[in-house]
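These notes are about the structure you will find just below.
The values are calculated or read from the model by the stated rules, or taken from the named source; none is laboratory data. On a predicted model such as this, the values are computed, not experimentally measured, just so you know. Virtual Cβ from ideal backbone geometry, glycine too; neighbours counted across all protein chains shown. The protein model used for the area step is the full one, side chains on, heavy atoms only, and it has no ligands, DNA or RNA in it. Shrake-Rupley method; radii C 1.70, N 1.55, O 1.52, S 1.80 Å.
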Amino acid sequence: MPRLFTGLEIPADIGQTLSSLRGGLPGARWIDPENYHVTLRFIGDIDGLWANEIATMLFRVNRKPFEVKLQGLSSFGGRKPRAVVAAVEPSRPLIELQAELERMMQRMGFDPEGRKFTPHVTLARLHDASSQDVADYLSVRGYFPSRSFLADRFVLFSSRASTGGGPYVVEDSYALCA
């Protein structure tokens, strides 16, 4: 049973830039650059019939390409940090695409996403990393020149149940070209 989610792929050149920020943080499990992405909507473990329904429904999205801007690093989890991420500027087209995907999934009967959409690219998952180590890492590597790319499609990704971080497979892609 595949675990599905929609997202934006990160171009290889930007992935290379982000991967240069790896290392120097105890307790970090670094994500491979080919698995970097911006999650738009986590769907979950879905059987084949539902997966086909979702894949077909996503072709209804009719949006224009838009710029995605990555700027700086941060962490999720507060005092118990669980991830290091590259922040993605929450532009109007990005927020609107995510909201449309959320509405589609709810119309199909899926529960609403439990967390507020905070666009990001996960670079590392943290296990027993101290908040001080994360703060030290971010003070050294947290700033990098912003990078932008044109999102001209979004994709339906699958993964197998694991501890996270991939490998992710593109099951289908949906052009942004309205």
Completion exercise
Looking across segment 12-23 at residues that are open to solvent by 40 Å² or more (accessible area, probe 1.4 Å) and in contact (Cβ under 8 Å) with a residue 60 or more places away in the chain, the single one that is nearest to SER130 (Cα to Cα) is ARG22
Practice task
Filter segment 24-76 down to residues that are out of contact with any Pro (no Cβ under 7 Å at 6 or more places or on another chain) and among the hydroxyl-bearing types (Ser, Thr, Tyr) and give me whichever is most open to solvent (accessible area, probe 1.4 Å).
Solution key: THR56
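Out of GLY72, GLY77, report the one residue that is in contact with a strand residue (DSSP E or B) (Cβ under 6 Å, 6 or more places away or on another chain), small (Gly, Ala, Ser) and farther than 23 Å from GLU100 by Cα. Before you say what the answer is, go through the steps one by one.
Values: GLY77 fails: in contact with a strand residue (DSSP E or B) (Cβ under 6 Å, 6 or more places away or on another chain).
Selected residue: GLY72, the only one of GLY72, GLY77 that is in contact with a strand residue (DSSP E or B) (Cβ under 6 Å, 6 or more places away or on another chain), small (Gly, Ala, Ser) and farther than 23 Å from GLU100 by Cα.
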Exercise for the section: Determine if segment 153-176 includes at least one residue that is in a strand (DSSP E or B), open to solvent by 80 Å² or more (accessible area, probe 1.4 Å), farther than 24 Å from ARG82 by Cα and of a type in the set (A, V, I, L, M). Expected result: no
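Okay, residues lined up against (1) within 27 Å of PRO145 (Cα to Cα); (2) under 12 Å from the mean Cα position of the chain (by Cα); (3) in a helix (DSSP H, G or I):
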site	(1), (2), (3)
ASP13	yes, no, yes
LEU40	yes, yes, no
ASN52	no, no, yes
ARG60	no, no, no
LYS64	yes, no, no
GLY72	yes, no, no
VAL85	yes, yes, no
GLU96	yes, no, yes
GLU102	no, no, yes
